[in-house]
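What follows is a short report on a single structure.
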Amino acid sequence: MWLFILASVFLAVSCEDQSEKTLPTCKHIDAYKDLKGWLNYEQKDCNHTTVEEELSRDGKILYDFGLKAFAFDVMTSDRMGPARKIGYQAHELCKKQNWDAKFSVSIVIVHHNEALSVLLRMLIGLFENTPAELLKEIIVYDDASEGEHRLDKYLEEFKQIKGYNKLKIFRNPERQGLIRAKVLASREASGEILVFLDSHCEVAENWLPPLLQPIKENPKTVTVPVADLINPAHFEYSKSMIARSGFDWSLSFKWDYVPWDHFDVEENNYKPIESPGMPGGLMAVRADFFKELGEYDTGLEIWGGENVELSLKTWMCGGRVLVVPCSRVGHVFRMRRPYNSKSKVAGGDTQLYNSVRVAKVWLDEESLNKFFKARPRAKNIDVGDLSERLKIKETLKCKDMAWYIENVYPALKPKVRDEL
């Protein structure tokens with residue numbers, strides 16, 4: 001996945017419109033120092049990308065700070081301004097569909113040490129591109145951001161300036177990690193539908209109604225938008241290939257790209273696609289179904305594995321996961337993960353620890369052996385009490401892993417050469 005993303009980043013940089021380089025560099029307004037000024041800023045006839053050679057000493061310090069703290073060019077994000085028109089990114093046939101699902105929707109955004117301009121532009125785009133009759137609230141939940149990264153006072157000022165009464169701001173004083181913070185944030189929500197989004201996204205026009213339609217047809221559905229690419233170097237928005245989400249026997253996430261010829265059939269350009277899994281950062285689900293499934297496992301630490309857990313139990317406990325081609329959401333794929341987990345489990349490898357916990361609940365003996373073969377370190381990791389999670393599996397009369405492989409993810413079946 002990351003090789004594809006990095007290749008896309010460098011290709012986009014090299015193919016950047018040469019004429020833009022002849023334009024003057026856009027004025028840089030620091031949103032932390034002049035929030036009102038930044039909110040009134042309109043980029044016009046200028047180049048928003050950073051030209052390192054033109055940076056002042058202070059500018060170079062801010063540029064380097066952004067790369068270190070956020071793993072993207074924060075100065076370019078600042079120069080993009082508070083709003084941009086991404087427009088309609090889905091296939092034209094999507095416009096002809098009848099999106100008549102009517103739910104109250106709570107959008108849940110958890111952030112930790114996020115860049116202010118990225119988060120504010122995301123919020124403005126959400127309010128501008130989400131039908132008001134569907135939007136119950138946007139919950140912005142700070143998972144104990146540190147020092148200069150605390151955004152609560154800026155968010156309160158932003159809410160007052162923009163008059164966004166549906167914006168609800170929460171802060172957790174002690175770090176819980178992304179997974180537990182998403183559970184805590186979701187418990188503050190009052191909408192029928194929960195939409196979880198990472199804190200560095202921008203939504204395209206008409207992104208929400210197509211996500212809701214499959215849930216209307218089957219309430220035990222988790223829907224996933226297509227994750228388009230926002231380049232971390234120059235913040236240009238570009239369409240991604242449509243992909244299912246999956247994983248291998250190490251329970252590591254991977255994209256399974258849908259072949260181009262799938263879309264030669266006209267209706268496949270707008271019909272949802274069954275997916276074995278989901279990414280961690282973008283999805284919609286009924287609040288009552290999310291709770292029935294036991295939410296995310298709060299025994300998971302910080303980051304990693306929660307998407308595999310929710311994918312498995314959704315399918316195995318009577319639900320389904322669908323990728324929705326008509327819903328497009330841009331996501332900043334950072335150059336790297338910019339912060340440490342600060343967790344002591346598994347030597348700080350929370351993805352490994354969480355994967356063991358998920359495996360011991362949802363995999364059968366044969367599958368568990370394959371997992372341990374793929375990740376030998378996992379055998380000696382103590383993941384604590386699993387009785388609550390196993391009880392959910394028993395209460396909901398969930399199917400087993402063999403059923404999942406046979407009916408949902410046959411690609412996990414061993415090839416003949418794997419059995420030799």
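What order do you get for S104, S387 when you list them from fewest to most C-beta neighbours inside 10 Å? Could the numbers behind the result be given before it?
Details: S104 15, S387 7.
Listed from fewest to most nearby Cβ atoms, that is S387, S104.
Treating each Cα of the range 92-332 as an identical point scatterer and summing with the Debye formula, the log10 of I(q)/I(0) at q = 0.10 Å⁻¹ comes to -0.44.
If you plug the beta carbon distance of K397 and D288 into 1/(1 + (r/R0)^6) with R0 = 22 Å, you get a FRET efficiency near 0.80. Extending 7 Å from Cα along the Cβ direction at E52 and again at H262 yields two label points whose distance is 3.9 nm. Each distinct pair of alpha carbons in the range 23-80 adds a 1/r term; the inverse of their mean, the Kirkwood radius, is 11.7 Å. Q89 sits among other residues whose Cβ lies under 14 Å from its own Cβ, and their net charge, with Lys and Arg +1 and Asp and Glu -1, is 0. Measuring nothing but alpha carbons in the range 345-419 and taking Rh as the Kirkwood radius, the Rg to Rh ratio lands at 1.00. Calculated on the alpha-carbon coordinates, the convex hull of the range 266-420 measures out at 165 cubic angstrom per residue.
For the cross-link pairs K68/K136; K33/K182; K27/K239; K220/K399, the ones whose C-alpha atoms lie over 24 Å apart are K68/K136; K33/K182; K27/K239. Pairs of alpha carbons in the range 58-135 separated by more than 21 Å make up 47% of all such pairs.
Calculated mean residue ellipticity, 222 nm, the chain: -9500 deg cm²/dmol, from DSSP H runs (n ≥ 4) at -39500 (n - 2.57) each, averaged per residue and rounded to 500.
Which order do R377, R389 fall in if you start with the one that has the fewest other Cβ atoms within 10 Å?
Working: R377 12, R389 21.
Exposure proxy ranking, most exposed first: R377, R389.
Computed from backbone phi, the HN-Hα couplings of the range 361-367 come to 8, 10, 8, 7, 4, 5, 5 Hz, rounded to whole numbers (Karplus: 6.51 cos²θ - 1.76 cosθ + 1.60, θ = phi - 60°; Gly and Pro given as x). Quote the relative contact order of the chain in percent (integer), defining contacts as alpha-carbon pairs under 8 Å separated by 6+ residues. Relative contact order here is 17 percent.
Ranked from largest, the principal axis spans of the Cα set of the range 174-302 equal 48, 39, 35 Å. In terms of Cα atoms, the Rg and Dmax of the chain work out to 21.6, 66 Å.
Its Cα gyration tensor gives the range 263-340 an equivalent ellipsoid, and the semi-axes of that ellipsoid, as √(5λ) in whole Å with the largest first, are 25, 20, 10.
Database remark: amide H of R171 closer than 5 angstrom to the amide H of D142 (H placed geometrically; neighbours at sequence offset of 5 or more, or on other chains; Pro and chain starts carry no H). Give the cross-link partners of K96 among the aspartates and glutamates, using a straight C-alpha distance below 13 Å as the criterion and excluding same-chain residues fewer than 8 apart. Correct list for K96: E266, E267. A convex hull fitted to the Cα coordinates of the range 96-202 yields 103 cubic angstrom per residue.
When K85, K393 are sorted by how many other C-beta atoms sit within 10 angstrom of their C-beta, beginning with the fewest, the order is K85, K393.
FYI, it's all coordinate maths here, none of it is from the lab. Since the structure is predicted, the reported quantities are computational estimates derived from the model, not experimental observations. Neighbour counts run over all protein chains shown; Cβ positions are idealised from the backbone, glycine included.
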